[in-house]
Amino acid sequence: MARLVERRAETPSAQTLVLDVPDWPGHLPGQHVDVRLTAEDGYSTQRSYSIASASDGSRLELTVQRVDDGEVSPYLADVLAVGDPVELRGPVGGWFVWRHTDTAPVTLVAGGSGIVPLMAMVRTRRAAGSKALFRLLYSVRTPQDCIYADELRSRARDDFGLDVAYVYSRQAPQGWPGEPRRLGVADVNTHGWPADFQPACFVCGPTGFVETVADILIALGHEPRRVRTERFGPSGP
Amino acid sequence: MGIVSPGFHGRRSAAAPELPPGQYLTEDFPVLTAGPTPRVPTDAWEFTVVTEAGQRYAWSWADLMALPGQTVTVDLHCVTKWSKLGTTWTGVSLDTLLENVETAADYALVHSYGGYTTNLPVEDLLDGQAWIAFKYEGEDLAPAHGGPARLLVPHLYLWKSAKWVRGIQLLNEDEPGFWESAGYHDYGDPWREQRYQGD
């Protein structure tokens, strides 16, 4: 059982929930938890959320993107109050994870709130003093949709060996060279590690985004087994 | 009953069909895959069964198409909590494919193009419970959903229905597959909510 101790607005539609989980066993970056909500009449429903924080004692951070017609995310983003209990289970998942003992270079590609588990990797890298070289390519619709914007800015400056690049798909910030556009082969080629370096690649975002990026990575010569993906949201019929 | 979430009402409809515990209904067809989507042309496609004695049986795409197909309407339950009801698939029953395979093995390890694996008891592949499916809602199965052909074993969580299926290894001893080695349940019965190891 967890308890909400703090919430932070990351963007107009994304909130970070800081939870205290007394018996938390620790986690690897990339893992998720199952959150279970129960109404007074016993009705309950569950959803999975990626963990945003590096493993740190009993503190756990989730970042929740509000889906306006969703059943669970509006509750977590707007209703759940500091001090309220949250039933969760985890950590879950043993594939989409990065281990700080791995020394291979890492390419991270995030679409929208797909940044969350990748941010856990970036944070773990720093917390563990890893020297693994990280390149993060982050696609957002507009500058306002950029989750962890300030932290990424300071980490790109202070975390030695971490590069961060952005793609804006709908609206670019003022002074941005070029037009807003969807992420393409050139972005992955320029801002990710070359296949020759045999990097570990982690791709997370909406289904269509992940499909596109994974196909690009394969086309650029990356071995399929080095490309790990996590998808969310509907894919259409 | 779990801990009540203050102020949570949830969304129920009186007409809600019965779902396995912890599942919610979706009209979409979400995708859950651990890596890139393999593209397997049907002229290079092959499906094999290798028995515990090492005997190998193989079907080309043309061989598969020549077998009697079945069209079934089934419910899908994904371990990530969504369920999709009344989906229609066309495929060849594993009863047909295994009919002349000499085996007494109890376990199966299913292999996919791309390296994915999943395990299940052989008895769960038989008696009209499993198919090598190649059409979804009357259309050729899209690569993102496992085309050209995937295993369909709808009474277990959907990760058992291996996409891009390429073969089945019959074994005397149970061998965990990809997700089963990463903390997911060995059997995965949605009605008993066997999501993770220890459930």
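Regarding residue A:173, is this residue more than 18 Å from residue A:114 (Cβ to Cβ), more than 10 Å from chain B (Cβ to nearest Cβ) and surrounded by fewer than 21 Cβ atoms within 10 Å (Cβ to Cβ)? I'd like the intermediate steps shown before the answer.
Numbers: more than 18 Å from residue A:114 (Cβ to Cβ): yes; more than 10 Å from chain B (Cβ to nearest Cβ): yes; surrounded by fewer than 21 Cβ atoms within 10 Å (Cβ to Cβ): yes.
Here the answer is yes, as residue A:173 does meet what is asked.
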Looking at (1) assigned to a loop (DSSP other than H, G, I, E, B); (2) within 14 Å of chain B (Cβ to nearest Cβ); (3) modelled with pLDDT of 95 or more, find the lone condition where residue A:203 falls short. (1)
How about the range A:1-21: which of its residues are within 13 Å of another protein chain (Cβ to nearest Cβ) and charged (D, E, K, R)? A:3
Residue A:137, sole failed condition from (1) among the hydrophobic types (A, V, I, L, M, F, W, C); (2) touching an Asp or Glu at 6+ places or on another chain (Cβ under 8 Å); (3) touching a residue at least 60 places away in the same chain (Cβ under 8 Å): (3)
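Give the residue, chosen from A:66, A:36, that is more than 17 Å from the chain's Cα centre (by Cα), buried (at least 16 other Cβ atoms within 10 Å of the Cβ) and not assigned by TED's automatic domain parsing to the domain that holds residue A:203.
On the way: A:66 fails: more than 17 Å from the chain's Cα centre (by Cα).
On inspection, the qualifying residue turns out to be A:36.
Is it the case that residue A:73 is within 27 Å of residue B:196 (Cβ to Cβ) and more than 15 Å from the chain's Cα centre (by Cα)? Can you show your working first?
Details: within 27 Å of residue B:196 (Cβ to Cβ): yes; more than 15 Å from the chain's Cα centre (by Cα): yes.
For residue A:73, the condition - within 27 Å of residue B:196 (Cβ to Cβ) and more than 15 Å from the chain's Cα centre (by Cα) - is met.
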I need the full set of residues from the range A:69-90 which are surrounded by 17 or more Cβ atoms within 10 Å (Cβ to Cβ), more than 9 Å from chain B (Cβ to nearest Cβ) and not small (Gly, Ala, Ser), in order please. A:76, A:88
Only one of these conditions is not met by residue B:118: (1) within 14 Å of chain A (Cβ to nearest Cβ); (2) modelled with pLDDT of 95 or more; (3) assigned to a loop (DSSP other than H, G, I, E, B). Which number is it? (3)
With the first residue restricted to the range A:157-173 and required to be in the same structural domain as residue A:192 (by TED's automatic domain parsing), and the second required to be part of a strand (DSSP E or B) and among the aliphatic types (A, V, I, L, M), Cβ contacts under 6 Å at 6 or more apart or on different chains are A:164/A:136; A:165/A:137
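Only strands (runs of 3 or more DSSP E) wholly contained in the range B:46-114 count here; list those with 2 or more residues that are modelled with pLDDT under 95 and touching an Asp or Glu at 6+ places or on another chain (Cβ under 7 Å). If you could, list the steps in order and put the result at the bottom.
Working: elements: B:46-50, B:56-60, B:70-77, B:82-93, B:107-112.
Output list reads B:82-93.
Taking the options A:5, A:18, name whichever one is more than 17 Å from the chain's Cα centre (by Cα), closer than 22 Å to residue A:74 by Cβ and among the β-branched types (Val, Ile, Thr).
On the way: A:18 fails: more than 17 Å from the chain's Cα centre (by Cα).
Matching residue, one of A:5, A:18: A:5.
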Residue satisfying all of: in the range A:29-46; outside any strand (DSSP E or B) and touching a strand residue (DSSP E or B) at 6+ places or on another chain (Cβ under 8 Å); nearest to residue B:4 (Cα to Cα) among these: A:31
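Looking at the range A:52-60, is at least one residue surrounded by fewer than 17 Cβ atoms within 10 Å (Cβ to Cβ), within 25 Å of residue B:183 (Cα to Cα), over 16 Å from the mean Cα position of the chain (by Cα) and among the hydroxyl-bearing types (Ser, Thr, Tyr)?
From the range A:52-60, those surrounded by fewer than 17 Cβ atoms within 10 Å (Cβ to Cβ) are A:56-59; that's our starting set.
Within this subset, residues satisfying the condition of being within 25 Å of residue B:183 (Cα to Cα) are A:56-59.
So of that shortlist, the ones also over 16 Å from the mean Cα position of the chain (by Cα) come out as A:56-59.
So of that shortlist, the ones also among the hydroxyl-bearing types (Ser, Thr, Tyr) come out as A:58.
Yes: the range A:52-60 contains one or more residues that are surrounded by fewer than 17 Cβ atoms within 10 Å (Cβ to Cβ), within 25 Å of residue B:183 (Cα to Cα), over 16 Å from the mean Cα position of the chain (by Cα) and among the hydroxyl-bearing types (Ser, Thr, Tyr).
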Scan the range B:160-199 residue by residue and report those that are more than 11 Å from chain A (Cβ to nearest Cβ) and among the polar types (S, T, N, Q). B:161, B:169, B:172, B:194
Which residues, counting only those in the range A:198-227, are out of contact with any Pro (no Cβ under 8 Å at 6 or more places or on another chain), under 18 Å from residue A:121 (Cβ atoms) and small (Gly, Ala, Ser)? A:205
Of these, A:86, A:67, A:82, which one is in contact (Cβ under 8 Å) with a residue 12 or more places away in the chain and either outside any strand (DSSP E or B) or over 25 Å from residue B:19 (Cβ atoms) (or both)? A:82
So is residue A:169 within 20 Å of the chain's Cα centre (by Cα) and farther than 29 Å from residue A:56 by Cβ or not? yes
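For the range A:39-49: of the residues being out of contact with any Asp or Glu (no Cβ under 7 Å at 6 or more places or on another chain) and facing another protein chain (nearest Cβ under 7 Å), which is nearest to residue A:74 (Cα to Cα)? Let's see the steps before the verdict.
Taking the range A:39-49 as the starting set, the residues that turn out to be out of contact with any Asp or Glu (no Cβ under 7 Å at 6 or more places or on another chain) are A:39-44, A:47, A:49.
Those left that are additionally facing another protein chain (nearest Cβ under 7 Å): A:39-40, A:42-44, A:47.
On the way: A:39: 15, A:40: 18, A:42: 19, A:43: 17, A:44: 15, A:47: 12 Å.
Ranking the qualifying residues of the range A:39-49, first place goes to A:47.
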Residue B:91 meets each of (1) within 14 Å of chain A (Cβ to nearest Cβ); (2) under 19 Å from the mean Cα position of the chain (by Cα); (3) surrounded by 18 or more Cβ atoms within 10 Å (Cβ to Cβ) with one exception, condition (1)
For the range B:12-42, the count of residues that are in contact with a Ser or Thr (Cβ under 8 Å, 6 or more places away or on another chain) and either modelled with pLDDT of 75 or more or of a type in the set (S, T, N, Q) (or both) equals 12
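The values are calculated or read from the model by the stated rules, or taken from the named source; none is laboratory data. A quick note: this is a predicted structure, and the numbers were derived from the prediction, not measured. We place every Cβ from the backbone using ideal geometry, glycine too, and count neighbours over all the protein chains shown.
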